[in-house]
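The values are calculated or read from the model by the stated rules, or taken from the named source; none is laboratory data. These figures come from a predicted structure and were not determined experimentally. Virtual Cβ from ideal backbone geometry, glycine too; neighbours counted across all protein chains shown.
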Amino acid sequence: MEAEKPAELTEVPGSDERVAEPITLDQPGITTEVGGRPTGSTVPAEKKARRFHGTVVIDAERTGRDAASISEEIISHLTSQPGAKVKVTLEITAELPDGATEQLIRTVSENARTLKFLSHGFEKE
């Protein structure tokens, strides 16, 4: 009759071997090993916050001041991170109860083209 092996021994998966002190590497992305052999299980990597998004309404009368604060307090922190890709989009909507004059349409449209707006336009209602 075969003698019983001590309870503290751990069987190595896929083998008849047993080890007294299993080695477990519980670090994200590391394959867990027992007796120097992979067990096939991997400790999942910890999820990290990898994206930021935000929307804010700023005072049209103080856009320079508000945009500077946003740049200093938010954008600069994001752009200082290695490899960060930060995109800032400015969206403008305006409602003109009395309608836009031809001069206003011409001036704003020309300036939008000069400033390389991706899209712009006036809508008639």
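Exactly one residue out of I30, I23, I105 is modelled with pLDDT of 60 or more and either out of contact with any His (no Cβ under 6 Å at 6 or more places or on another chain) or farther than 30 Å from E125 by Cβ (or both): that is I105. Can you spot a residue in the range 109-119 that is aliphatic (A, V, I, L, M), touching a residue at least 12 places away in the same chain (Cβ under 8 Å) and closer than 20 Å to A60 by Cα? No; the residues of the range 109-119 include none that is aliphatic (A, V, I, L, M), touching a residue at least 12 places away in the same chain (Cβ under 8 Å) and closer than 20 Å to A60 by Cα.
Do the conditions hold for K85, that is, is it of a type outside the set (F, W, Y) and at pLDDT below 95?
no
Among the conditions (1) surrounded by fewer than 11 Cβ atoms within 10 Å (Cβ to Cβ); (2) part of a loop (DSSP other than H, G, I, E, B); (3) more than 19 Å from the chain's Cα centre (by Cα), the only one that Q103 does not satisfy is (2).
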